[in-house]
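Contents: one structure, followed by commentary.
Every read-out reported here was derived from the displayed coordinates using simple, explicitly stated rules and does not represent laboratory data. This is a predicted model, so every value here is computed, not measured. Every residue, glycine as well, gets a Cβ built from its backbone with ideal geometry; the counts of neighbours run over all protein chains shown.
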Amino acid sequence: MNSKKLLLLIFGLLLIIGSVLGFSLYSKIFKANIVQDGFLYIPTNSDFKEVENLARPFLKRVKPFVWVAEKLNYPEAVKPGKYKISKGMSNFDLIKMLRSGKQTMVNLSFNNQDTFEKLAGRISQQIEADSISLLKSFTDQTFLNELGFTSETALGMYIPNSYEFYWNTTAENFRSKMLDEYTKFWDTERLEKAKKLNLTQNEVVTLASIVQKETATISERPIVAKLYLNRLTSGWPLQADPTIIFALKAKLGNELVIKRVFSKDLEINSPYNTYKNTGLPPGPISMPDISSIEAVLNPANHDYYYMCASVTTFGTHEFAETLDQHNKNAAKYQQWLNKQGVNR
């Protein structure tokens, strides 16, 4: 074989080897390696080995992922968060996203929790912060003092709704966001309405929490709110059964199920006993949602002072201006409870 043919052969072999190596390199970097859709949750302070283990269920081949990650210097740039992974992504696409820290937001929501323990449990299911750190931030006395909240009124700072958060949000940052939302909610218009009712923000929230517990029918809430406002203005006790239930649960256990309030329950010694005490209780008995707060700020126009659960239209109430009419409504309700065998 002459030298010219030998050179051509060597060149051909090098070209083939180069093509194979090039294709292999291209495949490692750009070929699809993600086998399923899902979310990759990377905890705060994770190292690359932890990320590798978390990513394994999504990867067709692990070694190419590790190789690309190292070439792109990702092990020194791990960022925590929730990342959306799509089937068919390449190692390059995945590492590029993880390096950038481009997270998928969490649509966090919570409803009418009646204790900080329950709120902490609910939130910890949706972001990285655990329930212990959340509870600690909620009840931090220095924070409460600076904002003018007490342990009784602090629950009212958290307005049930849906909010967008990063998954790796800390307990303190969650609390800070909720304070911003609370401040934003209490705009000039709402503050002016509260002032006209001669109520503070905390008092509006406290009354709204009672309205919330009294009726699940949103359209009825402005009527119930006005009824209680009538009582407050006239110096009457609110005589709200939900506050008695709250006091009983505080004494006997928060998981207690109470469907009926008896006369003996009205004797409970508690600042939340609105049969014994006039005015509003020390704080909200649950988190009122926005519709209940708006009901207090925009009450209906009527002269009702009494209400009783309806036995004809369940979920609503029978309202009355006089005690005589109320007693008739109440008798119907008690008869219905007895017939149903509701003893607690």
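Values [x] 1.53; [y] 1.05; [z] 0.97 are given for comparison; Cα Rg over 2.2 N^0.38 Å, derived from the coordinates here, is the one labelled [x].
If R0 is taken as 30 Å, the Cβ-Cβ distance between residue 184 and residue 250 corresponds to a FRET efficiency of 0.45. For the range 106-185, the fraction of C-alpha pairs farther apart than 19 angstrom is 27 percent.
Highest-first packing order for the peptide set 195-202, 214-221, 308-315 is 214-221, 195-202, 308-315, based on the mean count of other beta carbon atoms within 10 Å. Put the Cα centre of the range 53-112 next to the Cα centre of the range 130-151 and the gap is 34 Å. Take each peptide in 127-137, 66-76, count the other Cβ atoms within 10 Å of every residue, and average; sorted highest first, the result is 127-137, 66-76. Site pair residue 321 and residue 191 shows an inter-label distance of 3.8 nm when each label is modelled 7 Å from Cα along Cα→Cβ. Taking 0.36 nm per residue of separation and subtracting the Cα-Cα distance, full extension of the segment from residue 335 to residue 172 would add 53.6 nm.
Legend: calculated FRET efficiency, residue 200 to residue 71, from the Cβ-Cβ distance at R0 = 51 Å, rounded to 0.05, equals 0.25. Each residue, residue 61 and residue 328, gets one label point 7 Å from its Cα in the Cβ direction; the gap between the two is 8.5 nm. The alpha-carbon atoms of the range 233-344, seen along their principal axes, cover 38, 33, 26 angstrom, with the largest extent given first. When the square roots of the Cα gyration tensor eigenvalues are ordered a ≥ b ≥ c, the ratio a/c for the range 25-100 is 1.5 or more and a/b does not exceed b/c, which makes its shape oblate. The Cβ shell under 12 Å around residue 111 holds other residues with a net charge of 0, Lys and Arg each +1, Asp and Glu each -1.
Between residue 152 and residue 105, the simple label model (points 7 Å from Cα in the Cβ direction) yields a spacing of 3.8 nm. Beyond 24 Å in Cα-Cα separation lie the following of the pairs 213/264; 196/276; 79/177; 193/259; 118/264: 196/276; 193/259; 118/264. Taking packing as the residue-averaged number of other Cβ atoms within 10 angstrom, the listed peptides 275-282, 138-145, 116-123 run from highest to lowest as 116-123, 275-282, 138-145. Dividing the Cα radius of gyration of the range 63-136 by 2.2 N^0.38 Å, with N the residue count, gives 1.52. Computed over neighbours whose Cβ is under 15 Å from that of residue 272, the net charge equals -3, Lys and Arg +1, Asp and Glu -1. Electrostatic bookkeeping for residue 62 treats Lys and Arg as +1 and Asp and Glu as -1; over the other residues with beta carbon under 10 Å from its beta carbon, the sum is +3.
How much length is gained on full extension from residue 54 to residue 87, taking 0.36 nm per residue of separation minus their Cα-Cα distance? Working it through step by step, the gained length comes to 10.3 nm. For the range 187-222, there are no residues whose amide N sits under 15 Å from a probe point set 7 Å from the Cα of residue 259 along the beta carbon direction.
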